[in-house]
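Remarks on the structure that follows.
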6 protein chains.
Amino acid sequence: MYKILYIDPVGEVYSTPEIDGFLKQIVSKDVKIDFTSLERGPANLEYIYYEILVTADIIHKVKWAEKHGYDAVIIGCFYDPGLYQSREITDIVIVGPGEASMCLAAVLGYKFSILAGRNKWVPIIMENIQKYGYQEKLASVKLLELGVEDFHKDDEYTETMMKAKGKEAIEQDGAEVIIFGCTMQFGFYGKLQQYLSVPVIDPIAASVKHAEFLLSVKQYFNWGHSKIGLYQSPPMEEIKRFNVNRMYNLKDLW
Amino acid sequence: MYKILYIDPVGEVYSTPEIDGFLKQIVSKDVKIDFTSLERGPANLEYIYYEILVTADIIHKVKWAEKHGYDAVIIGCFYDPGLYQSREITDIVIVGPGEASMCLAAVLGYKFSILAGRNKWVPIIMENIQKYGYQEKLASVKLLELGVEDFHKDDEYTETMMKAKGKEAIEQDGAEVIIFGCTMQFGFYGKLQQYLSVPVIDPIAASVKHAEFLLSVKQYFNWGHSKIGLYQSPPMEEIKRFNVNRMYNLKDLW
Amino acid sequence: MYKILYIDPVGEVYSTPEIDGFLKQIVSKDVKIDFTSLERGPANLEYIYYEILVTADIIHKVKWAEKHGYDAVIIGCFYDPGLYQSREITDIVIVGPGEASMCLAAVLGYKFSILAGRNKWVPIIMENIQKYGYQEKLASVKLLELGVEDFHKDDEYTETMMKAKGKEAIEQDGAEVIIFGCTMQFGFYGKLQQYLSVPVIDPIAASVKHAEFLLSVKQYFNWGHSKIGLYQSPPMEEIKRFNVNRMYNLKDLW
Amino acid sequence: MYKILYIDPVGEVYSTPEIDGFLKQIVSKDVKIDFTSLERGPANLEYIYYEILVTADIIHKVKWAEKHGYDAVIIGCFYDPGLYQSREITDIVIVGPGEASMCLAAVLGYKFSILAGRNKWVPIIMENIQKYGYQEKLASVKLLELGVEDFHKDDEYTETMMKAKGKEAIEQDGAEVIIFGCTMQFGFYGKLQQYLSVPVIDPIAASVKHAEFLLSVKQYFNWGHSKIGLYQSPPMEEIKRFNVNRMYNLKDLW
Amino acid sequence: MYKILYIDPVGEVYSTPEIDGFLKQIVSKDVKIDFTSLERGPANLEYIYYEILVTADIIHKVKWAEKHGYDAVIIGCFYDPGLYQSREITDIVIVGPGEASMCLAAVLGYKFSILAGRNKWVPIIMENIQKYGYQEKLASVKLLELGVEDFHKDDEYTETMMKAKGKEAIEQDGAEVIIFGCTMQFGFYGKLQQYLSVPVIDPIAASVKHAEFLLSVKQYFNWGHSKIGLYQSPPMEEIKRFNVNRMYNLKDLW
Amino acid sequence: MYKILYIDPVGEVYSTPEIDGFLKQIVSKDVKIDFTSLERGPANLEYIYYEILVTADIIHKVKWAEKHGYDAVIIGCFYDPGLYQSREITDIVIVGPGEASMCLAAVLGYKFSILAGRNKWVPIIMENIQKYGYQEKLASVKLLELGVEDFHKDDEYTETMMKAKGKEAIEQDGAEVIIFGCTMQFGFYGKLQQYLSVPVIDPIAASVKHAEFLLSVKQYFNWGHSKIGLYQSPPMEEIKRFNVNRMYNLKDLW
């Protein structure tokens, strides 16, 4: 029995409880998944300022989760804020919906396209694609011209835009798989998949199954995030010496 | 309950039954895995001539597996012979140990190195890395100077070489994860992992869990290999028109 | 006096004798060129399944050609099926129309475009471009929306499509040279070249002259395909040990 | 008269006043430069956890600087923490020592090498090189095997290591310019430059002159950081709506 | 007090004195800038033949400038003819408008587009982008369909074209900064910048400030063009031995 | 009957008549090859200053050759000075030993290494490799630590160095083909090839056969250098208007 924590990395007043319902539906029988959000934070991470505002809180929540027995954490935003830092300071499985979606799409077809919201998102998404190494698999990033908080304002309109841009991605850019560029696009993948006849990756769904996959290779073969370089943890003595707990009001986190 | 077929793509007289035992140990409870090899074929695929000799037989066996109720097939060679063709002519999950290992290593650390046998293998491995899009994640390919049939001749020597080359990969090339470049290197990952303190990916093990992962996203979300481009199937009428069954002695495969 | 064998890698009932006539016209005086096809095989290689079906037969025919005194073989398909394997198991000159066309186009202009048939072909063509290292020279792959067997159904229509797509490649994508993406597009280069005012490479024509070129550097300077790595031959003892002749009905090929 | 703020992004108890002296020496006559550090924070940013701990404080200090009349801010760490975010939320010139050093080195020689401290730093440095687009200009990253807080423990030893690794970079990797990979390596560039006979870029020095340069093009031609995409500011209404001031104890920053 | 020489690399009858006026306006107070052209040469460098005709004269003029006390030279063409050669044979600061513009644009936004004249220019511009290493920062090269001598024939028309192509670059290609691809496009950046709301880089302006920047780092830190590899000077004995002065009518240049 | 002109691009007092003898030996029966050098020029092109000194003279000689009935010109230096310009101003076949060697090596093996003289050459060679698009095929550039004029000072020493560096390239860098990085390395390929057991490309030899190959595709299929973009010729009216003949003492060249 694994325990996974899904963090919706927005202030709790802005969190989306429907996601919790979706998580419960799609998780495997032998896995327990909890949903949480942050004590504070904006309603979206469209600006990298907002992203930085929440990142420290995210990784502290991840550390807390490790201390409270969670085996894996999913950071519920396609930008994967704090993904590498969370792997650095814990020994559990950390999953980002962006990485999980691309990693899956890469084996499902020759090239994938991402349906993103606005042009503001493109450099961040491209930076992640570079970091993860999937430049060669990217067909295009298509813009829906919708913000994070708009996707569920008029579901019909959103779906219409997704169909149009998904079709363009396939016919003009050579995409064979479509990825949604935001976790707030949940609820649409089924219909779009039927319409487009290609896999349409919902990043929340992808991250839950990716977490289960990584938990399984860890249990069976002890393959976790390598702790020798990028994810090497800071020494506890140093964290103590720098008074991180007190300086950042983390109670007894460390 | 999923059914997976593992094909050891060598002539049956050269097949390695120990692999079957290993598969049974590592498969999940709700999955049944069978082991098979080819009716004919060389003992190794170190030459691309040998690879071509067996590829048609591999993909015909894959097609047979689909017709006989298998949900997934693993093509048991790090070169992944027939991987794309198998996805083209079936609708089931097809896994290659090379692709599965790199796909996993890419999320476990910043860069990975591959412990291969001889320099003859390098262009083929590099070609696959290019095809899969993992150039940016590759630290190096290190040579053990051993052929496929040599790995288990003197396990101690093999282990010594693996330790030396794995250490070099980490210290000189910046590898954070090690991948074995041949399925015949099974049996060594545990000791090496302990010695090197980084994940050491056994391609057989990686491919079994990758198959389970892909089966799970297919069952839950209907995400399979995209059939719109690279993996689009040839039309059955054409296969009939070309008399493929008769011409290639395939009985009633098609 | 050199002897070249041109293999039309389709079943003989599907082979195109007009190609033989074309070959005879364009070969140099001191070279003898023969045309052949395969005993069995589909009429096109649009699917990678079909490609694999014929590849072993191709390379065995290449080996046969070497034994019967041919100095060079041209594998008559733009996908270059079996190109590397043929170089691996022989010591003669092996030419692929895809490689020959790109290698020539690269010195005739800044960038080239390929006029291919359908989107299904694109990943295979791109894979070859990657393997040969010509990514930087590629302006675009344009689709004629015609299958291999369609090019000569209505020559006028084909020519119209070629003109339109060739023009687009030049004006929108910056192509300075056009390559036909299929050997079955023979017969069109002259008119197209006149219309577009740029070199239009017919892959059959390119491969014949490339063969003559490689034969000449071999004769003068002993420069053949390097046998030290990618093209290193499998040891004859091993081929014997694996009973390749018997297993694959090759009579006394080895 | 321009005003520049240099932020030493560590807790003030760990800040290095010698840097202030260095800044005063190298700034142009018509420029006033102030030195500051953070209220809290670790003594180094060798771990990406530490980097995230300080980043929000950095960019808030940058915003404060804009409000208090500074024309430019230098974020005093080679990792450039918060560089893009600071450009996003302000309209002033923002300089990172990493970006400034590479941007300069790129015009001073064919390729540059970076003398970094430990292998833990490499992925972060490489990620920045990718983001800035300087992969083609990088000869190598050489490791001094020293931590941030070690560089000035034994200046002679540090200098010896720098000479050895700088020489290697030039002779083995083809470097024509050397960059120090940490602002704490200040004080060494002069001697090293004399020894190696190539430009040795001190990132603090580079960032001061780069700031002056960017201020000058802004004053003369109104060329500042483009505010249309990556650096587009979040709308003030949104920042208010999200109660950022209250939530993050920022007083009346916004 | 620095002295900069700006070379308009065309025959003097074709030179543009308005540029001299522009230079005087934009140079810093403590810098003296002179304008010159070549004794002979075509009116434009649109063909690489013309470029080669003037390059030797350019670099000899640069050498002359060094001997006559100039601290820096700007080679006034976006193609940067003789840039590397000038750095090779002198020890002063050498600036090319192309390099200077891209180097600046790279820090002002995520990606830049270049407004060039005709498709003939593209390969040369791309070659320079490759040499300088800015491929990753390039959004697109847009064509105005105007020759070098056309930009000021009908300023209104030119401005209209620039606005249209600049808008396309931003909206379709993701450009955040615009660069003019020819020094003869001077005079337009202000209006275009206002219209497009992104930085519009005039290469002459960029090169003047880049020269001042490089002069400043040279004065303060002795950072000049590295003389160890690409820019290593030919030995004076060799130049004498080859009678370069006499052979090329250079009087007593060497 | 074709006529080829080989230009040794050095001042005639420094030219190497042995090359003429070599050319006569290796040219095909139906081809006449002439050898020439420049009226003036240094003895080597190791510095890009020297290269620029001779480039205009080279391309004017090429134009002269076209007017005097030559069908092809070989520019006898591995740097290929004036290659693109010569194609721009003529309609005949222009061959550069660098391009010809790499183009051939690319089809003879998986990767090639270049045996160059000194580190000063590396950026120029790399720039050409980028321009021609062969980055992916390059294993390494190895330095013999010999200048152009040194190769034949002590043939035995040169051969020893070549053997050592060639072996390193094969064993450490994965080279399968060796290219000499200077035309002055003629005379060594035979022995080296025997010693290394891989093709060793002499650039002079490669360029003669490449010229014959390009002449043959031009004769048979009218495939010459594309004149639509990079190689588009300047209009004759413009050349006249600019008084190129008079300005550059070209008599009645144009």
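The values are calculated or read from the model by the stated rules, or taken from the named source; none is laboratory data. Remember, predicted model here, so these are calculated numbers, not experimental data. Every residue, glycine as well, gets a Cβ built from its backbone with ideal geometry; the counts of neighbours run over all protein chains shown. Surface areas here come from the heavy atoms of the whole protein model, side chains and all, with no ligands, DNA or RNA. Shrake-Rupley method; radii C 1.70, N 1.55, O 1.52, S 1.80 Å.
Worth pointing out:
- Hits in segment F:239-253 (condition: assigned to a helix (DSSP H, G or I) and either of a type in the set (Phe, Trp, Tyr) or open to solvent by 100 Å² or more (accessible area, probe 1.4 Å) (or both)): F:240, F:241, F:246
- Here D:84, D:70, D:79 are screened, and the one residue that is touching a helix residue (DSSP H, G or I) at 6+ places or on another chain (Cβ under 9 Å), of a type in the set (Phe, Trp, Tyr) and within 11 Å of chain A (Cβ to nearest Cβ) is D:84.
- Here B:192, B:214 are screened, and the one residue that is touching a His at 6+ places or on another chain (Cβ under 9 Å) and in a helix (DSSP H, G or I) is B:214.
- Taken as a whole, the condition of being more than 8 Å from every other protein chain (Cβ to nearest Cβ) and either of a type outside the set (S, T, N, Q) or without any contact (Cβ under 8 Å) to a residue 40 or more places away in the chain (or both) applies to residue F:254.
- Within segment C:22-40, the set of residues being open to solvent by 40 Å² or more (accessible area, probe 1.4 Å) and at pLDDT 95 or above comprises C:24, C:25, C:32, C:35, C:39, C:40.
- For segment A:1-43, residues that are within 14 Å of chain D (Cβ to nearest Cβ), acidic (Asp, Glu) and in a loop (DSSP other than H, G, I, E, B) total 1.
- Every residue from segment A:220-238 that is open to solvent by 20 Å² or more (accessible area, probe 1.4 Å) and either at the interface with chain B (Cβ under 10 Å from one of its Cβ atoms) or touching a Cys at 6+ places or on another chain (Cβ under 6 Å) (or both): A:220, A:222, A:225, A:227, A:228, A:232
- Within segment C:44-57, the set of residues being of a type in the set (Ser, Thr, Tyr) and not in a helix (DSSP H, G or I) comprises C:47 only.
- Residues being within 15 Å of the chain's Cα centre (by Cα) and acidic (Asp, Glu) are represented in segment E:48-60 by at least one member.
- Any hit, segment B:198-208, residues being open to solvent by less than 10 Å² (accessible area, probe 1.4 Å), in a helix (DSSP H, G or I), more than 10 Å from every other protein chain (Cβ to nearest Cβ) and of a type in the set (A, V, I, L, M, F, W, C): yes
- Sole exception among (1) part of a helix (DSSP H, G or I); (2) of a type outside the set (Gly, Ala, Ser); (3) within 19 Å of residue F:96 (Cβ to Cβ) for residue F:168, by number: (3)
- Qualifying residue in segment C:133-141 (condition: charged (D, E, K, R), open to solvent by less than 30 Å² (accessible area, probe 1.4 Å) and in a loop (DSSP other than H, G, I, E, B)): no
- Selection from segment B:217-236 of residues that are in contact with a helix residue (DSSP H, G or I) (Cβ under 9 Å, 6 or more places away or on another chain) and assigned to a helix (DSSP H, G or I): B:217, B:220, B:221
- Checking each residue in segment D:181-197 for being open to solvent by 30 Å² or more (accessible area, probe 1.4 Å) and within 17 Å of residue D:110 (Cβ to Cβ) picks out only D:197.
- Count of segment F:150-180 residues which are farther than 13 Å from residue F:115 by Cβ, open to solvent by 40 Å² or more (accessible area, probe 1.4 Å) and either more than 20 Å from the chain's Cα centre (by Cα) or facing another protein chain (nearest Cβ under 10 Å) (or both): 7
- The condition of being of a type in the set (A, V, I, L, M, F, W, C) and more than 30 Å from residue E:196 (Cβ to Cβ) does not hold for residue D:217.
- Residue within segment D:83-103 that is farther than 20 Å from residue D:23 by Cα and without any contact (Cβ under 8 Å) to a residue 12 or more places away in the chain present: no
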